[in-house]
Every structure is written in C-alpha cells, then in structure tokens.
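Have a look at the structure below before the remarks.
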Amino acid sequence: MNIFFLTLIIFVLVYLILNWFTNTSSKKISRGIRSFTIILSIILAVVMIYAGRFIFSLPFVLMILPLIKTKAGLSLMQIIRIWGLLRFLKNSGRFNFNEVNRNQNTQSISLEEAYKILNLDSRKKYTKEEILKSYKKIMKKIHPDISPELTRLASIVNEAKELVLKDVL
C-alpha cells in the first residue's frame, strides 16, 4: 500500500514540474535552473567543508584505492584479504601489536591454522607446487621489503608454509 502512495506522489510531482515547465517562459526557466545550480553548489560546498575532516579516513581511502595504484600495487580486494589475515591472526593470539602479550606470539601454530593462513582448505590434498604458489601469492603482499612493519606477519606465514609442507610430504 505504501508503494502505491509513493508512486502516486512521484507522478503528481512529475506532473506539476512538467506543467510548470510547459507554462513558463524560457527566460524564467533559465533563471530557475541557474538559481538551483547556485544553491546546490553552496550546499555541496558546505557538505564538503563538513566532510573534509573525514576525507582521509579509512573508508574513504579504501574506496579510492582501486582508482589509484599504490607503490606496492595493492588493490582493494588485496587489502581486504590482508586485513582478514591480520584479524584471523590477532584473534588466534599469534599476531599482536602490543608488547604485553609477547609470549602468545611465540606459540607454534596448529596445522588447521596454517592452512587458513595460506588460504588453503585443510580437507583437500595439495601438491607442493600449489602450496608454494599460495605462499608466494601472500608473500608478494606482505614481504618485509615492501613494509618493514610486516616482518612478524611474514615469519608467521613462513612458519605456516613449513608446517603445511611437512604435512604434505
């Protein structure tokens, strides 16, 4: 029932606008469009001033990353994958930015966690080449040469690779 009323209101508004448009002189329409453009520009400027402080926020940066290539060449999907990997490692206690829980970072990882880190299914059987391909794909994104802050993450991925390769061989 609400859709009916909404459609009726839209049609009435369109009818009124078209009726005004046909009964008005072109000079008046031109002034109206010019006034509307000026008012819309002022509103947009005010919104941009207010939103300017959020322009370098994380959601904005994630929206524009596919449009620009970073030095490492990361796309939005690659960053989301890295973020998921970091979240998984943080939840498992293997990767922590705090120095307080340093002892958790030294624990060895389980085989299932190693498969998840390498983005592999633990129920399937993989060849050595498939494991190395997945490992190289991840290391291209998180290698310490690209970003020194990811050294610990790279060592965890190395440990996961070694554990999975031992399981396969």
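Observations, loosely collected:
- Region 140-158 - residue that is modelled with pLDDT of 85 or more and surrounded by fewer than 16 Cβ atoms within 10 Å (Cβ to Cβ) and, of those, farthest from LEU89 (Cα to Cα): LYS140
- Residues within region 134-156 that are more than 24 Å from ASP121 (Cα to Cα) and among the polar types (S, T, N, Q), tallied: 2
- Test: residue in region 99-106 that is modelled with pLDDT of 60 or more, of a type outside the set (D, E, K, R) and either within 27 Å of LEU169 (Cα to Cα) or assigned to a helix (DSSP H, G or I) (or both): no
- Scanning region 115-138 for residues that are crowded, with 17+ Cβ neighbours inside 10 Å and farther than 17 Å from ARG87 by Cβ yields LEU120, TYR126, ILE131, SER134, TYR135.
- Check on LYS136, farther than 16 Å from PHE88 by Cβ and assigned by TED's automatic domain parsing to the domain that holds ARG81: yes
The values are calculated or read from the model by the stated rules, or taken from the named source; none is laboratory data. Not measured: the values here are computed from a predicted model. Note that we place each Cβ from the backbone using ideal geometry, even for glycine, and neighbour counts take in every protein chain shown.
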